[in-house]
Amino acid sequence: MNDAPFSPEKLRDRLKENFSGRALLAALSLVYSAAIAARKGLYAAGLLRSRRLGVPVICFGNISSGGTGKTSTVVAAAQELARTGRRPAILLRGYKRKSSALKVVVLARGRVFRLEDVGDEALMLYRMLEKEGVPVLVSADRCASGSIAVKELGADILLMDDGFQHFALERDADIVLVNATAPFYADRVLPYGDLREPAAGLARARAVIISHCEQAQQEAIDKLGAKIKELNPAAEIIESMHTPEFFLDPSTAHPVDLNVLKGRPAVALSAIGDPDSFEGALKKMKIDLKQIWRYPDHHAFTPAELAAAQQARGGLPLITTYKDFARFPEGWQDILKGGVLILSVKIVFLCDGWKRLSAVLTEAGKPGKGGA
């Protein structure tokens, strides 16, 4: 496996190798926690005001950094709402977009936008929901983007993607995802660990989805559920797993059967928060991964990097994710010759999980919610 480029995680790992480095990280975590607490206090005291936009708002967020499968959940929720006649719109910050000069960028039918203005996650969400006509709005100011979604696009319910720590916009339900393979109770606040805020923040959640249960033992999942209940006895706890759906051939935009590479060699390329999940899914499909390239989350691939992968893969099929493909440079097809496949993954809720999540969405989206 190739070594990934430098990343903050690598620096953190190096600092943890000695006492002084661990002490520095612990001190920074205390400062970070104090800042989070102070910001919450300002909103609680009314010194900073939260706004309502006249329609229900449902937030899908994380308590930790890294991959939880949040995007798949947002897509499933938006599709369900659209199927029942609602007009959802998705609001997100647009992490690591190259250009933030535009205050709000709208991805919708008839609108013109550029990848550098929206970021890879926004483009991926829009492509996955294009058939349903669900718009995606990108801005650090979720109140501004939400207002446009309601007033200009006719949205009657707003889905915040990754806004659990964003308090400027009031919401009617917070749904938090936690990774079954990275339990929050064994972690610490950034930068020592991966928590975005102390675990007590889960008390704000209406529902908690335990994701990637396919990678964990039931005993570990049960323990995680018990820890959630200690912090929030009223929360719905929903178990889920991610499962491959099909491959997509980006050169033809046609789906490809998952068994096409069974028992055959291939290579994998990703820059996501949870590469283990992606690579593990390929291995479970009996694909013989001869080479794996991992880059830091949200990494923008360069032509030189793709050319290096092309030279090293020896003519084998290259498998990547939707999120990563959105960050391929222009002209990628002239560089990666010999086959590229995108793995499409869907979220599956265990037992009656989807029914209970739908009930949360329905309750939060009732008329009269989100009013001034």
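Residues are listed down the side, and each one gets a yes or a no for (1) more than 30 Å from ALA359 (Cβ to Cβ); (2) of a type in the set (Ser, Thr, Tyr); (3) touching a Leu at 6+ places or on another chain (Cβ under 6 Å):
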{"position": "LYS227", "(1), (2), (3)": "no, no, no"}
{"position": "ASN232", "(1), (2), (3)": "no, no, yes"}
{"position": "ILE238", "(1), (2), (3)": "no, no, yes"}
{"position": "LEU248", "(1), (2), (3)": "yes, no, no"}
{"position": "SER251", "(1), (2), (3)": "yes, yes, no"}
{"position": "LEU258", "(1), (2), (3)": "yes, no, no"}
{"position": "SER277", "(1), (2), (3)": "no, yes, no"}
{"position": "ALA281", "(1), (2), (3)": "no, no, no"}
{"position": "LYS286", "(1), (2), (3)": "yes, no, no"}
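Taking GLY154, is it in contact (Cβ under 8 Å) with a residue 12 or more places away in the chain and under 29 Å from VAL178 (Cα atoms)? Answer is no for this residue. Looking across region 19-76 at every residue that is assigned to a strand (DSSP E or B) and not charged (D, E, K, R), the one that is nearest to PHE164 (Cα to Cα) is identified as GLY61. Within region 149-194, being in a loop (DSSP other than H, G, I, E, B) and among the hydrophobic types (A, V, I, L, M, F, W, C) holds for LEU153, ALA155, PHE164, PHE167, ALA168, ALA180, ALA182, LEU190. Filtering region 149-162 to residues that are surrounded by 21 or more Cβ atoms within 10 Å (Cβ to Cβ) and more than 15 Å from the chain's Cα centre (by Cα) leaves ALA149, ALA155, ILE157, LEU158.
Kindly establish whether VAL360 is part of a strand (DSSP E or B) and β-branched (Val, Ile, Thr). The answer is no for VAL360.
Take the residues of region 195-228 that are touching a strand residue (DSSP E or B) at 6+ places or on another chain (Cβ under 7 Å) and part of a helix (DSSP H, G or I): which is surrounded by the most Cβ atoms within 10 Å (Cβ to Cβ)? Across region 195-228, the extreme among qualifying residues is LEU224.
Each row is one residue, and each column tells you yes or no for (1) modelled with pLDDT of 95 or more; (2) crowded, with 18+ Cβ neighbours inside 10 Å; (3) among the aliphatic types (A, V, I, L, M).
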{"residue": "ASP249", "(1), (2), (3)": "no, no, no"}
{"residue": "LEU261", "(1), (2), (3)": "yes, yes, yes"}
{"residue": "VAL267", "(1), (2), (3)": "yes, yes, yes"}
{"residue": "GLY273", "(1), (2), (3)": "no, yes, no"}
{"residue": "ALA281", "(1), (2), (3)": "no, yes, yes"}
{"residue": "GLN291", "(1), (2), (3)": "yes, no, no"}
{"residue": "ASP297", "(1), (2), (3)": "no, yes, no"}
{"residue": "GLY315", "(1), (2), (3)": "no, no, no"}
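Only one of the numbered conditions (1) at pLDDT 90 or above; (2) closer than 27 Å to SER277 by Cβ; (3) part of a helix (DSSP H, G or I) is violated by GLY146, and that is (2). For region 253-265, state whether one or more residues are in a helix (DSSP H, G or I) and either of a type in the set (S, T, N, Q) or not assigned by TED's automatic domain parsing to the domain that holds THR320 (or both). Looking through region 253-265, at least one residue is in a helix (DSSP H, G or I) and either of a type in the set (S, T, N, Q) or not assigned by TED's automatic domain parsing to the domain that holds THR320 (or both). Selection within region 291-342: residues that are part of a loop (DSSP other than H, G, I, E, B) and among the acidic types (Asp, Glu). The member of this set that is farthest from GLY69 (Cα to Cα) is GLU330.
The values are calculated or read from the model by the stated rules, or taken from the named source; none is laboratory data. Please read all numbers here as calculations on a predicted model, not as lab measurements. Glycine also receives a Cβ, built like all others from the backbone with ideal geometry; neighbour counts cover every protein chain displayed.
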